[in-house]
1. If you build the Cα gyration tensor of the chain and take the root of 5 times each eigenvalue, what three semi-axes come out, in whole angstrom, biggest first?
2. For a quick check, take a GNM of the chain with Cα springs below 10 Å and name the residue from Val45, Val30, Val18 with the largest mean-square fluctuation.
3. Taking the Cα centre as origin and putting +1 on Lys and Arg beta-carbons and -1 on Asp and Glu beta-carbons, what dipole magnitude results for region 85-141, to the nearest 20 debye?
4. Around Ile53, what is the net charge, scoring Lys/Arg as +1 and Asp/Glu as -1 over all other residues with Cβ under 12 Å from its Cβ?
5. For the chain, modelled as a GNM with alpha-carbon contacts under 10 angstrom, which of Arg139, Arg80, Arg25 fluctuates the most?
6. Placing +1 at every Lys and Arg Cβ and -1 at every Asp and Glu Cβ, with all other atoms neutral, what dipole size does region 125-169 have around its Cα centre, in debye to the nearest 20?
7. Over region 2-172, what is the percentage of antiparallel beta bridges among all DSSP beta bridges, to the nearest 5?
8. Near Ala148, within a Cβ-to-Cβ distance under 11 Å, what is the net charge of the other residues, with Lys and Arg +1 and Asp and Glu -1?
Amino acid sequence: MKAGIICTNGLEECEALVTYDLLYRAGIEVKLIGTDKIIKSSHNVEFISQILIDDFDYQNYDCLILPGGMPGTKNLEANRKVSDIIDYFVDNGKYIAAICAAPSILNHKGLLKEEKFICFPGFEEGLKTASSKAYTDNRIITAKGLGAAFEFSYEIIKSLISEDKAKEVVSNIQY
């Protein structure tokens, strides 16, 4: 299994890096896909992308992950390449996971249904969200925010591998 986390300037770094860490522990091949080589988070933390978005061979990935944060979510949504990749994942029945404000990108594309997703409060734009920290509907996984990064990662691991593997990973980190 392969997962790509799309990173752009202004993202919430912990939503990307906690997810990366837990998926890695589950044995999922996970990569940080950057819109730039050096990514600067909303909290001025800098890290290096493993793959630039223009070199991202997304057709060979099983899950696309969109971290939130501001202005990171707006930067992701404004990026045409990100939009095209989301469309490819939808058209090909692959998993898309978005956390915090990032589910709003999927909402703007008409991919979310009332009570079938979760996001940071205020970004639901007219739809009623589910009442959990993380939620999976078909092949779209969404979560409330940084405080739900573990539940978000759990849902991704459960979807890509199994619930047993997800339980094992969170148990091993003492969650």
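1. Details: eigenvalues 81, 75, 52 Å².
So the equivalent ellipsoid measures 20, 19, 16 Å along its semi-axes.
2. Of the options given, Val45 has the highest mean-square fluctuation.
3. On the way: 7 positive and 7 negative charges, 31 e Å.
I would put it at about 140 debye.
4. Working: positive: Lys31, Lys37, Arg80, Lys81; negative: Asp36, Asp54, Asp55, Asp57, Asp84.
Once all neighbours under 12 Å are counted, the net charge is -1.
5. Fluctuation is largest for Arg80.
6. Details: 7 positive and 7 negative charges, 14 e Å.
Value, rounded to 20: 60 debye.
7. Details: 7 of 26 bridges.
Just about 25 percent of them are antiparallel.
8. Working: positive: Lys133, Lys144; negative: Glu15, Glu151, Glu155.
Net charge in that neighbourhood comes out at -1.
FYI, it's all coordinate maths here, none of it is from the lab. Just so we're clear, the structure is a prediction, and the values are computed from it rather than from any experiment. Using ideal geometry, Cβ is built from the backbone for each residue, glycine included, and neighbour counts are taken over all protein chains shown.
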